[in-house]
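Right, one structure below, let's go through it.
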Amino acid sequence: MPENKTLVMKFGGTSVGSADALVKAAQIVKDARADFARVVVITSAMSGVTNLLLDSAALASQGKVDSLPSIENTLKEKHFAAADTLIKDEKLRDATRQEINDLIFSFVDLCKAIAVLGEASPRAMDAVASIGERMSVRLLGAVLESAGIKAKAIESTEFVITNAHYQNAHPDFKVTTEKTRQLLNPLMDAGIVPVTTGFIGATPEGVITTLGRGGSDYSAAIIGSVLPADDVWIWTDVDGVMTTDPRIVRDAKTLPEITYSEIAELAYYGAKVLHPKTIRPVVDAGIGLRICNTFNPSHPGTRLIANPKTNGKVHGQVVKAVTAIRNQRLVTIEGRGMLGVPGVAARAFGAVASTKTSVPLITQASSEQSICFAVPSESAESVINALQSVFASEIEDEDIDRVWMTEDVSIVTVVGVGMRHTPGVAGQIFSQLGNNKANVLAIAQGSSEVSISMVVAAADTEIAVKALHELIVK
Ligand code: ADP
Ligand code: ASP
Ligand code: MG
């Protein structure tokens, strides 16, 4: 008999991206039911679908709708191929196809409306993006049924209630707790596996929102924490959290354990394997988190652990992982007239905030003659404009000499709790980069000393990641 425990499992895009993957996901759910009486399944859109939907809407906003029929076909082929292979019952198969068809229809309608308006509001973009998960949840629900698992597809818009901050919505945990329990508990009590959409929620008025790109991981953490579950498992396409992105370094190794603060830094500085917002709800609720591979389910993957009380040298490792965020620009405000003038930084970041841009890294020279920070490349132009306007009079008076930005750069970050207690790590890092001819443009160290970030030219990203990865003790 399985223990009366609750497990929340989230499947990422690749894990539900084809009939083969869906077979594996269904087997994983079946196996989990042997150990957990209560299981909730959360799904992403099939791989590539969210990008396709959003790119089509962006094209539509420029009046370009010629490719819509072919996109419509691609979406149908992808979902129907899996449905036809895996849903044995004809009635269930037809009903599932019909529902997915209707959603594709509404997507085409939305794009046409966007084309007429000539613009896509964040709210409209969320309506478009949500269609990926709304299709995959129906597909996965039916596939689980066909595999003999009692399952019911339910949209998270019914119980994950958020504010109206479209494209980056924040849940109202109180209402979400009530609604989630109200809707999911009776299903689980009846031995049914609720299968729900990651990534999306709705405002109290019922308007669809999304939690930000890659946000299905966060959905799992939200739902896991409000139920509450005993464990949250994130099923993805690699063997857990690795020493770096295996797409950059082929022999990157899985980290069997990672601490809260390490994963927080890794996720924040670009390791796509886990959405940065996932960590807080599970840590606050004291729930276990595991990241594992749908295509290698017997591998234990990575477990999240509390911060160690020891000196942090887990298995003798000081540097544990390396990560990179690409497509950034460094913005610099400089001028001798800034020296000691109070409020320059506050006004600068106020101007940046007015463009709704977040700043992943800040460095300031001790002379106070310059402020330098990173912003995503796509926001750089509007940030520069905002700064030039807020400091217009200082620029005219030549207290500020210039506000300028670099070409594309990357932020490369080295993470490890052991760095805090190990002198000379920074030295090793810089010699390693120097020896490999990766030029460091700026540096920042988190106050927790769990990470050190370096800004390098875009062309040096891979060299820097590979070089720093060599510092990890094998
Ligand atoms: P999913 O669709 O399952 O959410 P993602 O593509 O969002 O999957 O995240 C998994 C990917 O994250 C991996 O395929 C890998 O390329 C990338 N990645 C980046 N950094 C790391 C890391 N340190 N460990 C593991 N994977 C990483
Ligand atoms: N499908 C969404 C995205 O691509 C959410 C996710 O996959 O986590 O951003
Ligand atoms: Mg993801």
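General observations
- Checking Asp245 against (1) more than 28 Å from Thr162 (Cα to Cα); (2) touching a residue at least 40 places away in the same chain (Cβ under 8 Å); (3) out of contact with any Gly (no Cβ under 9 Å at 6 or more places or on another chain), the condition it does not meet: (3)
- Matching residues in the stretch 176-204 - criterion: being more than 16 Å from Ser225 (Cα to Cα), without any contact (Cβ under 8 Å) to a residue 60 or more places away in the chain and of a type in the set (A, V, I, L, M, F, W, C): Leu187, Ala190, Ile192, Ala202
- Residue within the stretch 294-304 that is under 30 Å from Ala438 (Cα atoms), at pLDDT 95 or above and assigned to a strand (DSSP E or B) present: no
- Cross-chain or 6+ apart pairs with Cβ under 7 Å, the stretch 54-72 first and without any contact (Cβ under 8 Å) to a residue 60 or more places away in the chain and hydrophobic (A, V, I, L, M, F, W, C), then open to solvent by 30 Å² or more (accessible area, probe 1.4 Å) and assigned to a helix (DSSP H, G or I): Val65/Lys112; Ile71/Leu52
- Count of the stretch 225-242 residues, restricted to those that are in contact (Cβ under 8 Å) with a residue 60 or more places away in the chain, more than 8 Å from ligand 1 (Cβ to nearest atom) and of a type in the set (A, V, I, L, M, F, W, C), is 4.
- For the stretch 273-296, taking the residues that are out of contact with any Phe, Trp or Tyr (no Cβ under 9 Å at 6 or more places or on another chain) and without any contact (Cβ under 8 Å) to a residue 40 or more places away in the chain, the one that is farthest from ligand 1 (Cβ to nearest atom) is identified as Gly286.
- Qualifying positions in the stretch 194-216 - away from ligand 2 (no atom under 15 Å from the Cβ) and buried (at least 24 other Cβ atoms within 10 Å of the Cβ): Pro194, Val195
- Of note, Ala60 satisfies the criterion of being buried (at least 18 other Cβ atoms within 10 Å of the Cβ), out of contact with any Leu (no Cβ under 7 Å at 6 or more places or on another chain) and assigned to a helix (DSSP H, G or I).
- When restricted to residues that are surrounded by fewer than 20 Cβ atoms within 10 Å (Cβ to Cβ) and within 13 Å of Ile200 (Cβ to Cβ), the stretch 146-190 contains 5.
- Residue check, Thr210 within 16 Å of ligand 3 (Cβ to nearest atom) and closer than 19 Å to Val282 by Cα: no
- Residue match in the stretch 3-13 (condition: in a helix (DSSP H, G or I), within 18 Å of Ala142 (Cβ to Cβ), within 16 Å of ligand 2 (Cβ to nearest atom) and aliphatic (A, V, I, L, M)): no
- Restricting attention to the stretch 217-271, the residues that are under 23 Å from Val359 (Cα atoms), buried (at least 24 other Cβ atoms within 10 Å of the Cβ) and within 15 Å of ligand 3 (Cβ to nearest atom) add up to 4.
- On inspection, Arg93 fails the criterion of being open to solvent by 30 Å² or more (accessible area, probe 1.4 Å) and under 21 Å from Lys10 (Cα atoms).
- Enumeration of residues in the stretch 243-262 that are out of contact with any Pro (no Cβ under 9 Å at 6 or more places or on another chain) and β-branched (Val, Ile, Thr): Thr243, Thr244, Ile248, Val249, Ile258
- All told, Arg250 meets the bar of being away from ligand 2 (no atom under 16 Å from the Cβ) and closer than 30 Å to Ile443 by Cα.
- Yes/no for Val390 being in contact with a strand residue (DSSP E or B) (Cβ under 9 Å, 6 or more places away or on another chain) and of a type in the set (Val, Ile, Thr): no
- Scanning the stretch 272-299 for residues being away from ligand 3 (no atom under 13 Å from the Cβ), among the basic types (Lys, Arg) and either touching a Leu at 6+ places or on another chain (Cβ under 7 Å) or open to solvent by 60 Å² or more (accessible area, probe 1.4 Å) (or both) gives a total of 1.
- The residue of the stretch 221-245 that is farthest from Asp35 (Cα to Cα), among those that are touching an Asp or Glu at 6+ places or on another chain (Cβ under 9 Å) and of a type outside the set (Val, Ile, Thr), is Ser225.
- Residue in the stretch 41-61 that is away from ligand 2 (no atom under 16 Å from the Cβ) and among the acidic types (Asp, Glu) present: no
- Qualifying positions in the stretch 118-149 - assigned to a loop (DSSP other than H, G, I, E, B) and within 21 Å of Ala32 (Cβ to Cβ): Ala147, Gly148, Ile149
- Within the stretch 174-262, strands (runs of 3 or more DSSP E) holding 3 or more residues that are among the aliphatic types (A, V, I, L, M) and under 20 Å from Lys10 (Cβ atoms): none
The values are calculated or read from the model by the stated rules, or taken from the named source; none is laboratory data. Quick caveat: nothing in here was measured; it's all calculated off a predicted structure. Here the Cβ is made from the backbone with ideal geometry for all residues, glycine too, and neighbour counts use every protein chain on show. Each accessible area value is taken on the protein alone, full model and side chains, heavy atoms only, with ligands, DNA and RNA left out. Shrake-Rupley method; radii C 1.70, N 1.55, O 1.52, S 1.80 Å.
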